[in-house]
Amino acid sequence: MGQLDFPFGTLELWRGLEFWPLVGDAASPEQSGSSRFVDASTTRIEIRWRPPSTGTVGALDAAHWQDWAITADGVTLPLRPERDSQGDLKVFGVRYASFAPRSGLHPVLGSQAPLTLTLGHADHGVLYDITLHEWRPDGEAYPGLPADLLEAGERRAGRMTVVARERPEKAPPGDSCSEASPGSPGLTAYSLDRRYR
């Protein structure tokens with residue numbers, strides 16, 4: 001979905017597999033019989049936090065990439081250390097309602113998009129708010145279908161916005177990006193489900 005390269009690490013957001021539950025059979029006016037209606041409003045993303053690219057930072061930044069924390073809704077995500085073909089990384093999942101369906105499993109739950117993640121470090125005076133939009137950040141429509149894969153990629157990249165802000169002198173709980181938030185609703189060892197707020 002997108003990748004952001006910081007001097008102290010690389011953040012990747014991937015679309016995760018998500019189970020869309022069957023809500024029920026509904027009569028179809030276009031044809032005889034029925035159709036099967038699923039609730040496709042839940043989106044799962046996979047967050048991958050990697051060390052910075054070699055040659056772009058000093059040894060100090062590269063050594064402290066694991067000390068950065070990511071929060072969502074004031075909950076510090078307990079990123080899990082893993083290793084893949086590119087080397088060490090930390091991963092975690094976030095689920096949220098990306099739109100309010102006409103009919104769904106959670107009829108009173110509205111859209112929780114856009115998703116905003118905060119990247120921070122206890123010894124760094126700046127917090128980075130990364131917002132993942134489901135569509136254009138300004139809410140307007142695209143002029144049509146993308147002409148090619150390059151334009152489609154540019155549209156996806158434009159849906160991630162980054163805003164740097166100074167850390168408040170006394171950060172509210174969960175905004176410090178320094179420690180995990182045990183006991184938060186919807187938080188498991190592998191993902192945070194924002195629908196449990």
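Couple of notes before you dig in:
- Taking every residue in the stretch 66-80 that is under 18 Å from A113 (Cα atoms) and in a strand (DSSP E or B) and pairing it with any residue that is modelled with pLDDT under 95 and among the basic types (K, R), at least 6 positions away or on another chain, the pairs with Cβ-Cβ distances below 8 Å are A72/R194.
- Hey, Q86 touching a helix residue (DSSP H, G or I) at 6+ places or on another chain (Cβ under 6 Å) and modelled with pLDDT under 95 or not: no
- Residue in the stretch 24-41 that is modelled with pLDDT of 90 or more and surrounded by 13 or more Cβ atoms within 10 Å (Cβ to Cβ) present: no
- Flag for P146 being of a type outside the set (F, W, Y) and at pLDDT 90 or above: yes
- Those residues of the stretch 135-171 which are part of a loop (DSSP other than H, G, I, E, B) and either in contact (Cβ under 8 Å) with a residue 60 or more places away in the chain or among the aliphatic types (A, V, I, L, M) (or both), in sequence order: A141, L145, A147, R159, A171
The values are calculated or read from the model by the stated rules, or taken from the named source; none is laboratory data. Everything numeric in this text was worked out from a predicted model, so none of it was measured. As a convention, Cβ positions derive from the backbone with ideal geometry for all residues, glycine included, and neighbour counts pool all protein chains shown.
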